[in-house]
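The values are calculated or read from the model by the stated rules, or taken from the named source; none is laboratory data. Predicted model, so just to flag it, every value in this text is computed and none were measured. Every residue, glycine as well, gets a Cβ built from its backbone with ideal geometry; the counts of neighbours run over all protein chains shown.
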Amino acid sequence: MSPDVLSELSMTEAADAFARGEVTARALVEAMLHRLGQHEAKVNSLIRLDREDALLAAHAADKARAAGQKLGPLGGVPMLHKDMYYREGKVSTCGSKIRRDFVPPVTATVLKRLDAAGAIDAGTLNMAEFAQNPTGHNAHFGDVMNPWNGAHCTGGSSSGSGAAVAARFVTAALGSDTGGSIRLPAAMCGVTGLKPTQTRVPRTGVMPLSFSADNVGPLCRTARDAARFLSVIAGACPNDPTSAREAVPDYEAALTGDLRGMRMAVVEPWFLDGIEEPVALAFEAAIRVLQGLGVRTEMISPASMHGIVTYTAVVSRVEGATIHQNWMRECPGDYATHLSARIYGGYAIPGTAYLEAVSRRGPLLRAFCAEALEGFDAVLTPTLRTRVPTRAETDIDADPENWARFMALSANTRPFNYLGLPTVSVPAGFDDRGLPVGLQIATRPFGEARLLRIADAFQRETDWHKRNPFP
Amino acid sequence: MAEPKLVLPTMDAIQRWQGVAVPNAAARHGLADFEALIADLEKLRGEMAFEEEPAGFEAALRDCRDKGS
């Protein structure tokens, strides 16, 4: 198979082809390198490419398979990950100048699990500085450019992850999500992004932003990819006492394609406020697809939304400001303008307001589940209310007046971080400028199997996730 | 647009409590957002009851979990 044909495989297709002996790991790594050579200059998704290490790992994988060894569910598949997953002895920049030379003393639990599943770690991806912007701007490593149109944002903070998967450099990449940082680049780049339930995936060896709201998850081509990826990385870790002890189900087994009898809620206040027409059209079309699969939908107006969106604005800002305070005193000029500006605001929020927001989190989760998920299988929203903006019109470093547009991008994603609910963004069309539109689906805690079943059924009926910006 | 009155005293308070100076014009601009945040928090007053023990988010996650998957 040619590199371009191989690059069209999804993660599960590539892993299964490797397991059956139909493709070598070396061919998969070479396809990645070929594709990077063709298109990376237009995207700027990489921070570090470990070319030789990846080829060596591929050689070892091919040798092991030839010897009859089973390599795991991700065997032979090359991946690149957001540059905030620590690997002992290797630089992890976190997209920053401050940590340009930071060499962590530990390896992230999720990287160890991906290694054990047979995935080949080929390097690290560009990202928003310290995972703190929704656009993909980066003053130190250069902005990541949307593969569909380089003048537009990729979404952040997992900007390189979204762009690298969309551009078919890799089939899957780790992102992180504190306010939408997996789902926004997934939506803006036209790929599938899963934010698991808070506590579902351990965070040991992952750069923190907000201990209450940080999540680890994949960006990949399909819901099936996300299901297999999550099966590998989910589950309690003794080194992360916050990780849940809930059993990890077989997420792929849940992908039956059958949604008959399901009920889903469209939450009217907040999530549709100020929605742009091309987004509304795609969202309505997505709902019709689900209705065609036997889903009944209903508009609802949960009273809990005001508290949720207000407290959402408090928690991660305070936590992010707190852990950055030494650097904000000692070297504020080493941050990009937009980042130090964002962190700074966190110091203005009183401790009592923060603790109120934390204390109300459990009661508001219960209230939202009672209002929006009792009798409903899922909640549907557009991932963004607006079309994908340009990098220029969201550039705070160039013009502080862009602040409101910049902050509004994550309006529909942040509430689910506060609530801790599992949420996925799937491609659901294109706007009038040819940029992707995302459909966001959320469900009850630890309901990833249900969530991915819905996303997979949607993808069986649509081909938005198969569109390639560089065919 | 005129700068809201809260901006200067907020900058002073941050300097005093945290020792962090305003890093740039965008940071100062961003503080103006807090008028709206404070107004939103005002609307929620009364919902935070006296608590005998902290409400548990992790307990709520478990109690609300999906039972069918």
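Going residue by residue through the stretch B:16-32, is there one that turns out to be more than 30 Å from A:Leu373 (Cα to Cα), more than 7 Å from every other protein chain (Cβ to nearest Cβ) and under 15 Å from the mean Cα position of the chain (by Cα)?
Yes.
Is it the case that B:Glu53 is more than 9 Å from chain A (Cβ to nearest Cβ) and within 30 Å of A:Gly447 (Cα to Cα)?
Yes.
Quick one: would you say B:Gly68 is more than 9 Å from chain A (Cβ to nearest Cβ), surrounded by fewer than 13 Cβ atoms within 10 Å (Cβ to Cβ) and in a loop (DSSP other than H, G, I, E, B)?
Criteria not met by B:Gly68.
Scanning the stretch A:62-81 for residues that are under 14 Å from A:Ala14 (Cα atoms) and of a type in the set (A, V, I, L, M), which turns out surrounded by the fewest Cβ atoms within 10 Å (Cβ to Cβ)?
My answer is A:Leu71.
For the stretch A:83-93, does any single residue satisfy the condition of being closer than 15 Å to A:Pro185 by Cβ and among the aliphatic types (A, V, I, L, M)?
The answer is yes, given that some residue of the stretch A:83-93 is closer than 15 Å to A:Pro185 by Cβ and among the aliphatic types (A, V, I, L, M).
Looking only at the stretch A:411-431, filter to residues that are within 15 Å of the chain's Cα centre (by Cα) and either within 14 Å of chain B (Cβ to nearest Cβ) or at pLDDT below 95 (or both); which one of those is nearest to A:Pro185 (Cα to Cα)?
Here the answer is A:Val424.
Mind checking which residues of the stretch A:386-410 are modelled with pLDDT of 95 or more and of a type in the set (A, V, I, L, M, F, W, C)?
A:Val388, A:Ala392, A:Leu409
From the residues in the stretch A:117-163 that are among the aliphatic types (A, V, I, L, M) and under 16 Å from the mean Cα position of the chain (by Cα), which one is surrounded by the fewest Cβ atoms within 10 Å (Cβ to Cβ)?
In this case the residue turns out to be A:Ala131.
If I filter the stretch A:346-379 down to residues being small (Gly, Ala, Ser), under 27 Å from A:Val267 (Cβ atoms) and assigned to a helix (DSSP H, G or I), which single residue comes out as nearest to the other protein chains (Cβ to nearest Cβ)?
It comes out as A:Gly362.
Identify, please: which residue in the stretch A:188-243 is in a helix (DSSP H, G or I) and basic (Lys, Arg) and is, among those, surrounded by the fewest Cβ atoms within 10 Å (Cβ to Cβ)?
A:Arg224
Filter the stretch A:62-116 down to the residues that are free of Cβ contacts under 8 Å to residues at least 12 places away in the same chain, of a type in the set (Asp, Glu) and farther than 28 Å from A:Val23 by Cα and list them by number.
Answer for the stretch A:62-116, where residues must be free of Cβ contacts under 8 Å to residues at least 12 places away in the same chain, of a type in the set (Asp, Glu) and farther than 28 Å from A:Val23 by Cα: just A:Asp101.
Test of understanding: among A:Ile300, A:Ile308, A:Ile323, which residue is more than 9 Å from every other protein chain (Cβ to nearest Cβ) and either touching a Lys or Arg at 6+ places or on another chain (Cβ under 7 Å) or over 30 Å from A:Ile441 (Cβ atoms) (or both)?
Unique residue meeting the criteria: A:Ile323.
Looking only at the stretch A:399-439, count how many residues are among the charged types (D, E, K, R), touching a helix residue (DSSP H, G or I) at 6+ places or on another chain (Cβ under 7 Å) and touching a residue at least 24 places away in the same chain (Cβ under 8 Å).
So the count comes out to 3.
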